[in-house]
1. Taking only C-alpha pairs under 8 Å that are 6+ residues apart, what is the relative contact order of the chain in percent?
2. For a paramagnetic label modelled at 7 Å from the Cα of residue 351 toward its Cβ, which residues of the stretch 54-69 fall within the zone defined by backbone nitrogen distances under 16 Å?
3. Which order results if 77, 391 are arranged by neighbouring Cβ count within 10 Å, fewest first?
4. Take the alpha carbon atoms of the stretch 5-71, find their center, do the same for the stretch 192-222, and report the distance between the two centers in whole angstrom.
5. Let me make sure I get this right: for the stretch 242-284, a, b and c are the square roots of the gyration tensor eigenvalues over alpha carbons, sorted descending. Under 1.5 in a/c it's rounded, otherwise prolate if a/b > b/c, else oblate. Which is it?
6. Where the centre of each part is set by its Cα atoms, how far does the stretch 139-186 sit from the stretch 310-354, in angstrom?
7. Report, in deg cm²/dmol and to the nearest 500, the calculated mean residue ellipticity at 222 nm for the chain, where each DSSP H run with n ≥ 4 adds -39500 (n - 2.57) and the sum is divided by the residue count.
8. Quick check on the exposure proxy: order 126, 250, 242, 174 from fewest to most C-beta atoms within 10 angstrom.
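Derivation of every value follows stated rules applied to the coordinates shown; laboratory data play no part. Only a predicted model underlies this, so the values are computations on that prediction, with no experimental measurement involved. So basically every Cβ, Gly included, is an ideal-geometry build from the backbone, and we count neighbours across all protein chains shown.
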Ligand SMILES: [Ca+2]
């Protein structure tokens with residue numbers, strides 16, 4: 001196991017392509033809604049990869065180094081987790097040409113792109129499943145799926161394996177070597193022909209570890225620097241023992257962030273114990289290669305979980321950007337977008353700057369800048385040096401450098417004694433002795449040599 005080194009220095013930005021930016025209205029799906037209307041489960045808004053291309057200056061200026069896009073291959077829904085053709089970027093997103101242009105432009109800026117691989121299941125419109133629907137047992141693809149009967153039946157319930165019982169998402173039969181080879185050909189194709197930089201594996205918890213390990217090696221065979229990150233909601237230790245993933249989307253860490261920062265249901269001691277135990281549960285190289293997040297298309301917006309209290313959001317962000325792993329910004333979190341459970345967390349990005357929370361945006365920019373400027377924040381060893389009440393302090397150390405991150409997630413004024421002379425990386429001033437930590441604030445301090 002050797003996760004790519006670039007990941008621990010990366011700052012990710014997650015995009016739900018239908019909702020980030022509409023770069024070409026000519027490719028909009030029929031019935032696309034006006035930009036900014038609240039989404040329901042079936043609405044389309046016309047966002048596309050051309051729109052992402054248009055906004056690379058914005059992303060680079062924010063300090064983003066890598067994109068993660070939810071699925072882009074041809075599929076009937078707005079989320080595209082029901083793939084119809086794994087070899088075609090959806091025409092509504094600009095087709096293969098748009099992806100080629102996007103990858104080229106990202107790489108020219110030194111940025112990377114990770115695509116969403118939906119390999120547990122396909123969509124019902126996938127031609128192989130359609131063939132089984134038509135021909136039943138006579139189809140050459142019969143044993144590519146798992147059908148409990150002589151032909152496909154949907155009523156009163158599907159008689160074939162499908163994702164979470166959803167009939168429109170038939171599951172691949174990974175026990176069939178032809179299925180595995182087909183899916184691996186998809187993995188290789190986009191790495192080799194389009195030079196994408198990695199795969200996020202959808203529904204990792206549902207995939208067989210042996211298939212994922214095979215996929216991992218197939219990807220690394222094309223590009224040893226490819227990043228393979230799993231959507232895993234539980235403890236991921238077994239995946240790393242199995243040598244099947246570089247990292248996971250760190251939903252376990254997210255749970256702790258919600259308890260301590262957003263809801264305040266845990267005190268600092270409980271949070272620190274929880275996070276420390278998580279950190280020590282994974283091999284260090286995999287911990288550094290985890291995708292750490294405050295939000296995703298599958299969770300309510302973090303600011304909404306904070307009931308709109310941006311002080312809580314910004315403290316959680318300060319923690320995330322000081323913690324090992326590759327921190328990710330879910331599109332729009334940086335401008336203070338809100339939204340509840342899916343589909344509300346998938347609103348259109350608000351490009352009218354009058355709607356932006358400038359303070360939040362400035363804070364995200366600053367956190368990204370600090371992280372990118374301080375090697376200890378990216379690759380340093382992690383130590384918790386204090387956790388009491390609503391106050392938390394962690395230390396990152398790397399070859400003689402030391403950065404202290406102190407957070408006060410409470411209403412009371414706090415102060416703590418510094419073990420030496422430090423520079424406040426946000427305020428730019430030198431500090432020593434006792435430093436004040438006002439309510440709902442954080443300080444990031446670097447030891448003077
Ligand atoms: Ca469009």
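1. Answer for the chain is 14 percent.
2. Within reach of a label on residue 351, which here means backbone N under 16 Å from a point 7 Å along Cα→Cβ, the stretch 54-69 contributes 54-60.
3. Sorted ascending by nearby Cβ count, the order is 77, 391.
4. Cα centres, the stretch 5-71 to the stretch 192-222: 23 Å.
5. oblate
6. 37 Å
7. -8500 deg cm²/dmol
8. Taking fewest neighbouring Cβ atoms as first place, the list is 242, 174, 126, 250.
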